[in-house]
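After the structure tokens below, expect a handful of questions from me.
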Amino acid sequence: LQALSAHQFDAALSWYPTNNTAISIAAFHKEIRNFFVDFNTNNIAQTDIILPAGVATNFRNIETVINGAKARVTGVEIALTHNFSALPGLLSGLFVTGNVTLAKSRAEISQRPGERFPFPGQADFTGNVSAGWENDTFSMRYSVTHTGERLRGIGNIAAYDRFRQPYTQHDINVRVNITDAIQVYADAINIFEEKNTAYWRGIRTGLFERVEDFGATYQAGVRIKF
């Protein structure tokens, strides 16, 4: 494989309407060459695989990684953070933060000239939002992260293109600072047990490929600084 190369252009603007609020918007554009993508074919001539002499080439299926020709990604990201410290009493510890990224991408590979695809792994929409309460000793947040549909791999024909369905995950995080050097933490990750589902494009409709079901994860521990 050849090394991926990219030129990226960014512009960002931030606004702080109060001491407790930050709003930012950033635009970006990427020109990418030799990106990596999973490729599925039965024609070894479409790959860079070199076989020893005498080995038959009539494979039923070949799964490999190839270099894409070129791609571009253009998008905008909007972020907001607000602390409710002006509220009275315990309410002053409340906060909310979130961001949204909208992107448009296209990619090309030499194995299917004239066709365009989404950039592998790039969703048109991603976003997350968190709300919680914190002070110098204790913090707790509830977070929701959403990722739109993403291209997982490309086939030698459109029916074998693979996609990951939109995915939404809910997490809870708790932190307690016992001292300046000792912190106790607990995390509940993917508490609604969202599944990672993938499918092939198919000829007339999508065809099931796989489901990765990891369920929820719970962890707790202690961090020590020294």
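Bear in mind these aren't lab numbers, they're just calculated from the coordinates by the rules spelled out. Fair warning: this is a prediction, and the values are worked out from it, not measured in the lab. In this analysis, Cβ positions are derived from the backbone assuming ideal geometry, glycine residues included, and neighbour counts consider all displayed protein chains.
Please report Rg over Rh for the stretch 1-58, where both radii come from the alpha carbon positions and Rh follows the Kirkwood definition.
Details: Rg = 23.0 Å, Rh = 16.5 Å.
Rg/Rh for the stretch 1-58 comes to 1.39.
Assuming 0.36 nm per residue, please report the length gained on full extension of the stretch Ser110 to Ala26 beyond their Cα-Cα distance. Let's see the in-between values first.
Details: separation 84, 0.36 × 84 = 30.24 nm, distance 3.23 nm.
Net length gain for the segment: 27.0 nm.
For the stretch 167-173, in order, what is each residue's ³J(HN,Hα) by Karplus, 6.51 cos²θ - 1.76 cosθ + 1.60 with θ = phi - 60°, in whole Hz (x at glycine and Pro)?
9, 10, 10, 10, 10, 10, 10
For Ala86 paired with Ile157, estimate the spin-label separation in nm (one decimal), with each label point 7 Å from Cα along the Cα-to-Cβ line.
Between Ala86 and Ile157, the simple spin-label model gives 6.3 nm.
Report which label in (i) 1, 6, 10, 10, 8, 7, 6, 6, 6, 6, 6, 5, 4, 3, 3, 2, 2, 2, 2, 1, 1, 1, 1, 0, 0, 0; (ii) 1, 7, 14, 18, 19, 16, 12, 8, 4, 1, 0; (iii) 1, 6, 10, 12, 13, 13, 12, 11, 8, 6, 4, 3, 1, 1, 0, 0, 0 holds the value of P(r) over Cα pairs in 5 Å bins from 0, in percent derived from the coordinates of this structure.
Calculated P(r) over Cα pairs in 5 Å bins from 0, in percent: the matching label is (iii).
Could I ask something else about it? Once you treat every alpha carbon in the stretch 106-226 as an equal point and sum by Debye, what is log10 I(q)/I(0) at q = 0.19 Å⁻¹?
Calculated log10 I(q)/I(0) at the listed q: -1.02.
Relative to 2.2 N^0.38 Å, what does the C-alpha radius of gyration of the stretch 67-158 come to as a ratio? Two decimals please.
Numbers: Rg = 20.1 Å, N = 92, 2.2 N^0.38 = 12.3 Å.
Its radius of gyration relative to the 2.2 N^0.38 Å reference: 1.64.
A follow-up question, please. Rounded to whole Å, give me the distance from the Cα center of the stretch 79-147 to that of the stretch 155-219.
The distance from the Cα centre of the stretch 79-147 to that of the stretch 155-219 comes to 15 Å.
Would you work out the relative contact order for the stretch 176-220, in percent, from Cα pairs under 8 angstrom that are 6 or more residues apart? Before the final figure, lay out each step's value.
Working: 62 pairs, mean separation 19.1, N = 45.
Answer for the stretch 176-220 is 43 percent.
In whole Hz and in residue order, list the ³J(HN,Hα) couplings for the stretch 131-142 that follow from phi through the Karplus curve 6.51 cos²θ - 1.76 cosθ + 1.60, θ = phi - 60°; x for Gly and Pro.
9, x, 9, 7, 9, 5, 9, 10, 8, 9, 9, 10
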